[in-house]
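Enquirer: For reference, the structure I am asking about is given below.
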Amino acid sequence: MDRAAVLRRLGKLVAASQGSPRFADRVCAASEELVGGQGSSINVSTDDPGRRMTVVSTDEVAARLESLQDVLGEGPAWDAYRWDEPVIADLTDDLGRRWPEFTRSAIAATGPIRLHCFPMHPAGRPFGVYSVYAYGELREGGDVVQFMADTVGAVLLRDASDLPLDDRSALYQATGMTAVQLGASVEDALAMLRAHAFAQDATLNEIAEQVVDRQIDFRDS
C-alpha cells in the first residue's frame, strides 16, 4: 500500500466534500467513501464502559449501530477496542452466540450488513474505534481500512507537542495554505498536516515545508 497516495486521495475527497462544517465529520465521510462503505462512525473509548462516546456517525444506520453497542455493552466495536485488532462482523443469525442481543437488535434495525471495526491507534495504544459498514464487500482491503482508522485517529489527536520556535514559520504558512485547500479551519488544517506526517513517517516540519514548496496539495488527484 502506498500510504502517501491513499492520503492524497483522502485529502482530495475532504477538499471536495460538502455538508457538515465539522472537520471530523468530513474526514469520516471521506474515509468511508474511499474504502467503499455505506456509512461509518468513530467512537472514543476507555476501559471504563461508562465513558465510551460516539463522536461521529455519518448516517442513521451507523448511529443506530453505535447506540445499540452503547446500550448493550457488547458488539464488534467493543471487541476491536478490547483486543486491539480488527473485528469484521457479518450481522446474520450465525453470529448470535457471539453478541446475542446486539446481533438480534442490529438485524432487526438495519437488516443483514457487514460491519468492519478497526481500532484507532496512531500513537500505539488504542483510544477508540473506526467503524464502517457495507451491504457487500468494501472496495479496499483491511490494510487500507486500518490505515484510515489510524489516520482518522491522528486527525483527532490535536494536542501533540508544537514545533520548536525556529520551525514554526513554515508550519504557519503551510497551515494557512492547507486550510484554504480543504476549506477548513486553521485548527483542522493543522490536524490534517499531523495526519499526513503520521502517514509518511515524517516530521511535522518536513510536511509543512513540502506544502509550502507545493510538493503537497490536498486538492490534487
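Enquirer: Looking at Phe218 and the list (1) open to solvent by 50 Å² or more (accessible area, probe 1.4 Å); (2) at pLDDT below 85; (3) not in a helix (DSSP H, G or I), which single condition is not satisfied?
Expert: Looking at each condition in turn, Phe218 falls short on (1).
Enquirer: OK, next. Considering only region 1-15, state which residues are closer than 15 Å to Ala199 by Cα and of a type outside the set (Val, Ile, Thr).
Expert: Keep residues of region 1-15 that are closer than 15 Å to Ala199 by Cα, which gives 1-11.
Once the filter is applied, which keeps residues that are closer than 15 Å to Ala199 by Cα and of a type outside the set (Val, Ile, Thr), region 1-15 yields Met1, Asp2, Arg3, Ala4, Ala5, Leu7, Arg8, Arg9, Leu10, Gly11.
Enquirer: Filter region 59-100 for residues that are modelled with pLDDT under 85 and among the acidic types (Asp, Glu); which is least open to solvent (accessible area, probe 1.4 Å)? Working first, answer last.
Expert: Taking region 59-100 as the starting set, the residues that turn out to be modelled with pLDDT under 85 are 70-73, 91-98.
From what is left, the residues that are among the acidic types (Asp, Glu) are 70, 93-94.
Details: Asp70: 67, Asp93: 135, Asp94: 112 Å².
Taking the candidates together, the pick is Asp70.
Enquirer: Out of region 17-58, which residues are farther than 15 Å from Met192 by Cα, in a helix (DSSP H, G or I) and at pLDDT below 85?
Expert: Pro49, Gly50, Arg51
Enquirer: Among the residues of region 101-120, count how many are open to solvent by 40 Å² or more (accessible area, probe 1.4 Å) and modelled with pLDDT under 90. Spell out how you get there, then give the answer.
Expert: Here is the first cut: in region 101-120, the residues open to solvent by 40 Å² or more (accessible area, probe 1.4 Å) are 101, 104, 107-109, 112, 114.
From the residues that got through so far, the ones that are modelled with pLDDT under 90 too are 101, 104, 107-109, 112.
Residues flagged as open to solvent by 40 Å² or more (accessible area, probe 1.4 Å) and modelled with pLDDT under 90 within region 101-120 amount to 6.
Enquirer: Filter region 197-214 down to the residues that are modelled with pLDDT under 85 and of a type outside the set (A, V, I, L, M), then identify the one that is surrounded by the most Cβ atoms within 10 Å (Cβ to Cβ).
Expert: Phe198
Enquirer: State which residue is modelled with the highest pLDDT when the search covers only region 156-192 and only residues that are in a helix (DSSP H, G or I) and under 15 Å from the mean Cα position of the chain (by Cα).
Expert: Narrowing region 156-192 to residues in a helix (DSSP H, G or I): 156, 165-182, 186-192.
Within this subset, residues satisfying the condition of being under 15 Å from the mean Cα position of the chain (by Cα) are 156, 188, 191-192.
Numbers: Leu156: 75, Asp188: 78, Ala191: 79, Met192: 82.
Residue satisfying both the conditions and the ranking: Met192.
Enquirer: Could you pull out the residue among Gly136, Gly75, Gly124, Gly142 that is within 25 Å of Asp188 (Cα to Cα) and not aromatic (Phe, Trp, Tyr)?
Expert: Working: Gly136 fails: within 25 Å of Asp188 (Cα to Cα); Gly75 fails: within 25 Å of Asp188 (Cα to Cα); Gly142 fails: within 25 Å of Asp188 (Cα to Cα).
So the residue among Gly136, Gly75, Gly124, Gly142 that is within 25 Å of Asp188 (Cα to Cα) and not aromatic (Phe, Trp, Tyr) is Gly124.
The values are calculated or read from the model by the stated rules, or taken from the named source; none is laboratory data. Model, not experiment: these values are computed from the prediction. Using ideal geometry, Cβ is built from the backbone for each residue, glycine included, and neighbour counts are taken over all protein chains shown. The protein model used for the area step is the full one, side chains on, heavy atoms only, and it has no ligands, DNA or RNA in it. Shrake-Rupley method; radii C 1.70, N 1.55, O 1.52, S 1.80 Å.
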